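Since every read-out is calculated from the coordinates, none of them should be taken as a lab result. Just so it is clear, the structure is predicted and the values come from calculations on it, not from any experiment. Quick reminder, even Gly has a Cβ in these numbers, built from the backbone with ideal geometry, and neighbours come from all protein chains shown.
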Amino acid sequence: MGNLLAVDAGGTSTRAVVLTREGECLGFGVGGAGNPISSGTEHASREVVTAVSAALDRAGTHQGIDAAVLAMAGSRTYVSTEWITSALIRVGVEGPVELESDLLATFCSGAWEPDGYAIVAGTGAAAIRVHDGRLEVASDGLGWLLGDAGSGFWLGRRVVRAVAAELDARGQHTALTPLLLGTLGIASEAEITEDGRPESLRQLLDAVYSLRPIELATFAPLVFAVGDDVVARSITLDARSALKTTLGAVASADVHGPVVCGGGVLSALGLDSEGVPGVTDVRSVADGTAGAAVLALRYGGVTVDEDVFARVDATLRALRAEGVR
């Protein structure tokens with residue numbers, strides 16, 4: 001039987017790994033944004049193929065891939081895999097492709113156990129409960145308009161709203177104001193314009209409303225860069241509370257296991273899991289690549305125990321240490 005292919009296709013970057021059925025990772029490659037929902041199928045397929053080709057080259061083979069798993073957000077939106085299977089065939093991957101949840105891949109990157117939880121807060125935010133190795137219940141991940149509480153977008157929007165409120169004389173003074181204005185290249189102008197507003201506020205409105213809503217997530221890091229600021233501290237506390245609520249929505253006293261955390265925002269905030277039922281310990285992972293490999297093994301009929309998981313993790317780390325992140 002041949003090797004397996006695992007892909008962690010994210011909204012910012014894509015990672016691919018070729019591995020044996022014993023869990024030894026042979027090749028690793030990276031590409032750009034590979035999620036078809038946020039990037040479109042043409043761009044996403046191109047970046048997935050870039051990562052896969054690099055992984056195949058490092059493994060020394062473009063043949064003998066029996067099956068592939070592609071982990072990504074919104075995986076169930078794409079019932080058909082034609083958008084990616086046709087692209088993979090061109091680089092020698094002719095086996096079936098299974099779409100899986102990026103949240104499940106996050107969980108499997110940090111836990112070989114069949115039960116537990118995963119929570120991710122990056123640009124968006126969501127949590128899942130995993131039972132018997134499968135995604136059982138999910139919460140949030142509803143996008144910038146309806147949810148993603150505690151996410152990078154959520155933080156960025158709170159930053160912009162707080163600064164706009166101060167400039168509009170409706171909000172507290174905050175160190176976020178000069179930081180955001182400086183980031184946008186706006187001078188702190190107190191001059192009142194013809195519409196009765198400060199010039200800096202007018203420029204802020206122009207700058208922010210020219211962005212796509214999701215781009216507000218780029219301002220999230222500012223909330224961690226101002227030191228002891230009352231407004232910033234309130235925003236981060238609210239974000240931690242929101243993420244705890246999201247985790248609590250999927251938690252169950254009947255399902256015990258680790259909670260695996262992912263995403264840059266959650267890494268900066270830290271997870272408050274105190275009192276959340278079913279959570280036995282908290283673990284963090286950088287991304288879902290190892291988990292995608294675990295899912296590929298399971299899809300290929302391999303039982304992933306603690307030893308196999310350790311082999312995947314160790315050999316993938318070794319490949320990444322060679323310089324490809």
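The convex hull of the Cα atoms of the chain, projected and averaged over all directions, covers 17.7 nm². For segment 116-255, the direction-averaged projected area of the alpha-carbon convex hull comes to 9.5 nm². Just to verify a number: FRET efficiency for residue 21 and residue 136, C-beta to C-beta distance, R0 = 35 Å, to 0.05? That pair, residue 21 with residue 136, gives E of 0.85. Using a cut-off of 12 Å between beta-carbons, work out the net charge of the residues near residue 110 (Lys and Arg +1, Asp and Glu -1, residue 110 not included). Net local charge, residue 110 excluded: -3. The Kirkwood hydrodynamic radius of segment 73-162, based on inverse pair distances between different Cα atoms, is 15.0 Å. Its relative contact order, with pairs defined as Cα atoms under 8 Å and 6+ residues apart, puts the chain at 21 percent. Helices in the chain, meaning DSSP H runs of at least 4 residues, each add -39500 (n - 2.57). Divided by all residues, the mean residue ellipticity at 222 nm is -12500 deg cm²/dmol. Scaled against the 2.2 N^0.38 Å expected of a compact globular protein of N residues, the Cα radius of gyration of segment 178-282 reads 1.48. Please identify, among 178, 36, 258, the residue showing maximal mean-square fluctuation in a Gaussian network model of the chain using a 10 angstrom Cα cutoff. Greatest mean-square fluctuation among the candidates belongs to 178. Computed as a quarter of the hull surface, the mean projected area of the alpha carbon convex hull for segment 263-325 stands at 5.9 nm². Sites listed here are GluC sites (Glu not before Pro) in segment 171-271 whose DSSP assignment is loop and whose Cβ has at most 10 other Cβ atoms within 10 Å: 191, 194.
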